[in-house]
Each structure stands twice: as C-alpha cells, then as structure tokens.
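Below: the structure, in structure tokens.
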Amino acid sequence: MSLPLMANHPTLSARRVDGLLDWAQMLSGVCLIGFMWAHMILVASVNIGPDVMNAIAEFFESTRMVQVGGPLIFLLFLAHFLLAARKIPFRLEGQKTIWEHAKMLHHTDTWLWVVQAVSAMIILVMGAIHMWVVLSDLPITAAKSAARVQSGAWVFFYMALLPLAELHVGIGLYRIAVKWGFVQRSGRKGLKRGENLLTLIFLLIGALTLIRFWFLKG
C-alpha cells in the first residue's frame, strides 16, 4: 500500500507547485493591468496640459517612486512573462499543434489565448526597450516624450506597442475572470462586450496622447 502512495506524492507536489505558480501568474497579471491603466492615465495628463504631466512626473521622481518603482515593475513584467511562458510552446512542433487545434476547434477563447501568447513575446521586447529609454533619460518631461515621438521611427514604435499592449491587457483581464470563476459561462458575453469597450476607450486615450505629443512644441 505504501508504494502507490509514495508514487503519488511527486504528482500531488507538482500539482501544488503548478497551482501556486498559476496564482502567482494571475496576481502578477492583475498588478500589471493596474499599472498599465494607471500609466496610461498619467501620461494622458499631457492632454490637459504639459505642465500637468510635468508636475505629476516631478512628484513621482521626487518621492523616488520612478527610480525604485520602474525597475520593480520591469522585474514584475519579466516574472509574469516567465510564469506565463510555462504554457507557451516554443518549439515549432508545439506551435503547429496549437495552431491546428485552434483552427479545428473554432473556439473564440482558444484564439484569444493564441493572440495573447504571440503579443506577449512582442511586448516583452518592445516594453523592455520603452522602459530602458525612459528610465535611462530621467527626468521625465512632456517635452522629452514629445521629442521622442516626433523623432525617427518612434511614432511607429508606439503605434504598434499601444494596440498590442491594450489588446494583451484586455484579453488577460477576460481570461483571469473566466479562469478563476469570477464570471460564470452565462456572463461571458457581457464580459467580452465590457472588455472590448474598455480596450477601445484606452486605445482612444492612447491615440489622443500620441497625437498630442506629435503636435507638442518644445
């Protein structure tokens, strides 16, 4: 009797660890969603006026929240990616299998997972570049942000990063609510509509902010 019990221990232990890692992935995702929304709103303060954005940036820098919080957010960003990467197939064979299953099932939630996985890998690179450029050129000012958007290919960089990030965040919020039982099957359609509306709102805010930076004179 003891041998079967002992044989089951590694499986049970592995399940517990996997469950804890899923919790960590969910919690880190929620924190990053909150950060993304807050970041978008704070940067969008330039639409009220450059002085408003400068005052907010000065507050966060004077309290050392940028200098300390920036690297911490990057570490959280990296940790979340590593936790999520446990379930992303990186080999070509695995990717082909996922793609074939998605086409065969014709299931919206499966395609959402595919979009989220692909966008995550792109955002990892682009997000790291954005964080490095901003944090290595403190203090943050509206004039610096505008100059960056107006120079070279940066405007195209942010035009790509904005929809990818908002799409990833929106899908992530939906999948968290469904996976962890915050929304039942009967409420999924309403959740999708709400998530789509929220994503559209933040896309509009981001687009207006980019336009404001484009026309902002130093």
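Miscellaneous remarks
- For the pair His39 and Ser186, a Förster radius of 30 Å applied to the C-beta separation gives a FRET efficiency near 0.35, rounded to the nearest 0.05.
- With neighbours defined as other Cβ atoms within 10 Å of a residue's Cβ, the residues Glu61, Glu195, Glu166 order from fewest to most as Glu61, Glu195, Glu166.
- Residue exposure sequence - Thr63, Thr209 - by fewest surrounding Cβ within 10 Å: Thr63, Thr209
- Between Val114 and Val17, the distance separating the two model label sites (each 7 Å from Cα on the Cα→Cβ line) works out to 3.2 nm.
Taken together, the values in this text are just the output of simple stated rules run on the coordinates, not laboratory data. Remember, predicted model here, so these are calculated numbers, not experimental data. Every residue, glycine as well, gets a Cβ built from its backbone with ideal geometry; the counts of neighbours run over all protein chains shown.
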